[in-house]
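All remarks here apply to the structure that follows.
The values are calculated or read from the model by the stated rules, or taken from the named source; none is laboratory data. Keep in mind the model is a prediction, meaning the values are calculated, not measured. Every residue, glycine among them, receives a Cβ derived from its backbone with ideal geometry; neighbour counts consider all protein chains shown.
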Amino acid sequence: MTEFEQWLARATAETEAVIDAYLPPEEGHQKTVLAAMNYSIKAGGKRLRPLFLREVYRMFGGTGREAEPFMAAIEMIHTFSLIHDDLPCMDNDRLRRGRPTAWVAYGYDMAVLAGDGLALYAFETAAKAFEMTGRTERVATALKLLAQKSGIYGMIGGQTADVELTGRPLSKEQLDFIYRLKTGALLEAPMMIGAVLAGASDQEVRTVERMASLVGYAFQIRDDILDLTGDQEVLGKPVFSDEKNQKTTYVSLYGVDQARRDAEAMSSEAVELLETLPGTHEMLRQLIGMLVTRQK
C-alpha cells in the first residue's frame, strides 16, 4: 500500500468509529425504525463527507472534538438521501453498497420512516457540539449550513428537479443545477462546516465552498461514468441505472471521453484553490484526486 492508501484506511476507520459512537441504540417500541436507520448507516461507504469535514477542520488548525457530532450528522443526512433515492417512487433500486436497500430489507413504509428519522436525528446529533466548545456561535453557523445545504435550497432542491425532469431532455443549465445542489451541496456542507468550526475567515469559507462545489461536480461526473462502464460487483449497486430511469447525465450529453476530461479539469481547479488556503494540503489533495479515478 502507498502512504496515502495507508492514511486513507486509517482515517476511514477512525471516521467509522466516530459515526458508530453517535448511532442510536436499537431499543423501545420504535426499535424497528432504529434498526433500519443503523442498517443503512452501517452498510458502509467511502465516508468521504465526514472525512472531508475532519480534514478541512484540521487544515485550519482545529484541535477540539466539536467536529465529531457534525461528522456523524453529515453521514446521517447523506444516508437518509440514499434511502429515499432508492425507493420505488424514486430510482426503484434494490441494491446499495452490496446489500439489499432499506426498503427491500425493511419494507417501503419503514424505509421512509428510517430516512425521516436520520434526517432529524442528524440535527439532534450535531447539536451536541454545543457542549464541546466555548465558541457556540461557530456551532450555530455550522448548524445553519447543515440545514441550508441539505434542504430545499440544497440537496432536496436538487433531488426535486432531478425527479421532475427525469425522462425529459435536459439543458446544460438544468443539469448544472441538479448536480450543484443534489451532489455538490452535500460536499460543500462538510467542508464549509469544518472550516467554520476551526475559525476560518469568511473569505476562506467562500473559497472552501467553491472548491467543494468543483469536487462535487467532478464526483457526480465520475458516478455517471461508472454507471455506464463500472462493474456491479465492485460498485455494490446496479449499473445502467441512469439509462433505466431515462436520466440525462453529463455522459449522455458529452460522451465518456469529454466527461473524463472535464472531471479531471474540475478536480485540478479544486486543488489549485486548496493550495491558496493555509495549513497542510497533501492528503486532501490526494483525496480530491482519487475521486476522479475511483472504481466505486
Note: among Y39, Y57, just one is part of a helix (DSSP H, G or I), in contact with a helix residue (DSSP H, G or I) (Cβ under 9 Å, 6 or more places away or on another chain), under 29 Å from K247 (Cα atoms) and among the aromatic types (F, W, Y), namely Y39
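Residue-wise test of (1) hydroxyl-bearing (S, T, Y); (2) under 18 Å from the mean Cα position of the chain (by Cα).
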residue	(1), (2)
E14	no, yes
A21	no, no
Q30	no, no
L34	no, no
M59	no, no
G64	no, no
I74	no, yes
S81	yes, yes
D86	no, yes
On the given criteria, is D86 in contact with a strand residue (DSSP E or B) (Cβ under 8 Å, 6 or more places away or on another chain) and either without any contact (Cβ under 8 Å) to a residue 40 or more places away in the chain or among the charged types (D, E, K, R) (or both)?
yes
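Residues checked against (1) of a type in the set (D, E, K, R); (2) closer than 27 Å to K144 by Cα; (3) modelled with pLDDT of 95 or more:
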{"residue": "W7", "(1), (2), (3)": "no, no, yes"}
{"residue": "A11", "(1), (2), (3)": "no, yes, yes"}
{"residue": "E14", "(1), (2), (3)": "yes, yes, yes"}
{"residue": "Y22", "(1), (2), (3)": "no, yes, yes"}
{"residue": "Q30", "(1), (2), (3)": "no, no, yes"}
{"residue": "N38", "(1), (2), (3)": "no, yes, yes"}
{"residue": "I41", "(1), (2), (3)": "no, yes, yes"}
{"residue": "A67", "(1), (2), (3)": "no, yes, yes"}
{"residue": "F80", "(1), (2), (3)": "no, yes, yes"}
Of the residues in the range 83-105 that are surrounded by fewer than 21 Cβ atoms within 10 Å (Cβ to Cβ) and aliphatic (A, V, I, L, M), the one that is farthest from G167 (Cα to Cα) is A105
Pairing a residue in the range 95-117 that is among the hydroxyl-bearing types (S, T, Y) with any residue that is buried (at least 16 other Cβ atoms within 10 Å of the Cβ) and assigned to a helix (DSSP H, G or I), where Cβ atoms lie under 7 Å and the two sit 6 or more apart in sequence or on different chains, gives Y106/A36; Y106/A114
By residue number, the members of the range 43-54 that are modelled with pLDDT of 95 or more and part of a loop (DSSP other than H, G, I, E, B) are R47
Cβ pairs under 6 Å, 6+ apart or interchain, first in the range 178-198 and over 14 Å from T141 (Cβ atoms), second of a type outside the set (A, V, I, L, M) and not in a helix (DSSP H, G or I), ordered by first then second residue, are L181/G154; A185/G154
> Got at least one residue in the range 136-147 being within 21 Å of the chain's Cα centre (by Cα), surrounded by fewer than 23 Cβ atoms within 10 Å (Cβ to Cβ) and charged (D, E, K, R)?
Replying inline: yes
